[in-house]
């Protein structure tokens, strides 16, 4: 991060993100950074539904960055209708996954373009450009990776577990099918080559971040990344703000805490900074003892202003953590 | 038509239909005949849109038989919304063909099932059964036939001509691509083998009926069909009730009249009876001079009752025209 200082340099940032929490911070980062942001998104949740390729995490980030997301759910489009779903029910078709009508346009376009021979990165470029998103939006890989849940009710494709079964089965272990053959896309590697800092958004560390961090070559690439790597805890006061992170951590025998998240991430990559919510201030010393610089602040993002405020605090932490070349 | 008489026998009927007018009479026939009806539908209008296989005529008949059609347009679903279309516009995608949100479920299911290896007849069986339609609903063929319009603005795929260009280009001639390799489906031939009468619905003779009648083998099959063949004029008082039939006839150098429709059909197959609107009563003698029995009645179908009344008049004409075996 050349010329980095605390008085105004806007770094070029790669953010890693999954679902709603990640999308919220990505929105804040986009407000702060504009086209200096590249968001790398988990594709382990992707699946085929109604014959369409559906990428829930990519779309959640896309809609959030475009300001089109449903403000209540965080995912899906604002003001969405569900006439196709109602008709699908009438036909006795699959109706356990609620695809909205406007949302269908995204999946239809994506599927048509993929069938025409474009890869997911190229299609995503077209979609985000059409919606006026200036940040790069990058699926982690163009090779399919599919999260599979091994549970006490058997083996479930991710969305069957997550949506149809509402995360009720007890998780035994996660499998990322296709991972060994997948690679970070060239665009992801290029974004990292340009980046001055990496931000891990407050996404589920097991379901959203692990698929990215376990991509062959990516953790190695992050290990030699020269800039700061900072993460934001998705666990606040022992609870997940949204989603099953706390339940999953308990089932995996890990204490559901911000500290455990920091430990988990630090076990995968080099982690320089970690942002905890004020209610977890008592964990800051334990985070520091991991060799990770803690930042305690309000991490609840309830509107555009709070998303941008948190993003700017995260960026300020990253700028503070720039490692001066030892030759200086 | 064994035991046929005018006092109550309900014949088994095959109806040939295309768009809205055909679907209206098919609805009336369905009310009169229930499962004794098989509707054979033009597939020349079918096309690929948004990566989906769309069958406008099949769906118009399906929605009409199921009582789900938009009562104002005659096609599409009642109370339809267009959120997917709006989002598609936002993406800069194809938006010239107005696919409704509920309607999308039909195309999504169809496309998924076709990709899974079912043929169009099998898929249509699933759709009409799910919607409680007891009549057989049969695409004319499982091999694709695509209507192509040669016009003064060049060669246009049918829906580009019909919807995008609103039939404005002057039609020079019609081409039915794939026709030579297409055959009536086994289910169409089986329905004809069971049928006691054939009804040609008031559909565009060039765009909707010709693709069916020109299917290799079908006209020959109808020529040896033992029961009566009756048609209903889509031209009333020199005008098409809906659609471009009159304009097309003029462009093809044919007078737009009910008589010309009777002549056109009688040039393709053996025609026994022809139903004209009361405003065309003066053409009845000319129809009779073709060797075709005319029936003059009110052919305007504005509600369920008038559809069923016309259907019952058409059926009564067919029953009257049963040719007694010469051996009796």
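Any read-out appearing in this document is the output of simple, stated calculations on the displayed coordinates, not a laboratory observation. The shown structure was predicted, so the numbers you read here are calculated from the model rather than taken from an experiment. Cβ atoms come from the backbone with ideal geometry, glycine included; neighbour counts cover every protein chain shown.
Here are some notes:
- In this simple spin-label model, placing a label point 7 Å from the Cα along the Cα-to-Cβ direction at both residue A:72 and residue A:281 gives a separation of 3.5 nm.
- When chain B is turned onto chain A, the axis of that turn runs closest to one Cβ of chain B, and that residue with its distance in whole Å is B:101, 2.
- Copy-to-copy label separations for residue A:34, where each label sits 7 Å from Cα toward Cβ, in nm and ascending: 7.1
- Stokes-Einstein translational diffusion, the stretch A:132-183 - Kirkwood Rh over all Cα pairs, 0.890 mPa s, 25 °C, in µm²/s: 196 µm²/s
- Shape category assigned to chain B from the gyration tensor of Cα positions, a/c cut at 1.5: prolate
- Antiparallel beta bridges, as assigned by DSSP with both residues in chain B, represent about 40 percent of the total such bridges.
- The order of the peptides B:228-234, B:116-122, B:263-269 by mean Cβ neighbours within 10 Å, most packed first, is B:228-234, B:263-269, B:116-122.
- With the label put 7 angstrom out from Cα along the Cα-to-Cβ vector, residue B:78 ends up 3.4 nm from the copy partners, going from closest to farthest.
- The residue B:242 and residue B:190 beta-carbon pair, evaluated with R₀ = 25 Å, returns a calculated FRET efficiency of approximately 0.20.
- Distance-filtered residues of the stretch A:115-146 - backbone nitrogen under 18 Å, label point 7 angstrom along residue A:219 Cα→Cβ: A:140-141, A:145-146
- Size descriptors for the stretch B:183-297 (Cα atoms only): Rg and Dmax, in that order, 13.9, 41 Å.
- Put in line by how crowded their Cβ is, counting other Cβ atoms within 10 Å and starting with the fewest, A:306, B:257 read A:306, B:257.
- CD proxy at 222 nm, helix term only [per DSSP H run n ≥ 4: -39500 (n - 2.57); per residue of chain A; nearest 500]: -10500 deg cm²/dmol
- Rounded to 5, the percent of DSSP beta bridges in the protein assembly as shown classed as antiparallel: 40 percent
- Annotation for residue A:152, label-to-label distances across the other copies: 7.7 nm (shortest first, one decimal, point 7 Å from Cα along Cα→Cβ).
- Shape category assigned to the stretch A:1-160 from the gyration tensor of Cα positions, a/c cut at 1.5: prolate
- Ellipsoid equivalent to the stretch B:66-118 - semi-axes via the Cα gyration tensor, in Å: 20, 19, 8
- With a Förster radius of 51 Å applied to the C-beta separation of residue A:129 and residue B:303, the computed FRET efficiency comes to 0.55.
- Per-bin percent of Cα-Cα distances, the protein assembly as shown [10 Å]: 3, 15, 21, 18, 12, 11, 10, 7, 3, 1, 0, 0
- Nearest-0.05 FRET efficiency for residue B:152 and residue B:10, computed from C-beta distance (R0 41 Å): 0.30
- Sequence of B:300, B:212 once ranked by neighbouring C-beta atoms within 10 Å, starting from the fewest: B:300, B:212
- Folded to 0 to 90 degrees: helix B:101-115 orientation relative to chain B principal axis, Cα: 90 degrees
- Partner chain coverage, peptide A:128-138 - average Cβ within 10 angstrom: 1
- Label positions at residue A:119 and residue A:255, each projected 7 Å from the Cα along the C-beta direction, are separated by 4.3 nm.
- Counting Cβ atoms of other protein chains within 10 Å of each Cβ in B:44-52 and taking the mean gives 3.
- Look at the stretch B:74-81: the mean tally of other chain Cβ atoms within 10 Å of its residues' Cβ atoms is 1.
- The stretch A:1-116, relative contact order [Cα under 8 Å, separation at least 6], %: 20 percent
- The fewest-to-most ranking of B:247, B:24 by surrounding Cβ atoms within 10 Å reads B:247, B:24.
- Between the stretch A:147-169 and the stretch A:59-134, the Cα center-to-center distance that results, in Å: 22 Å
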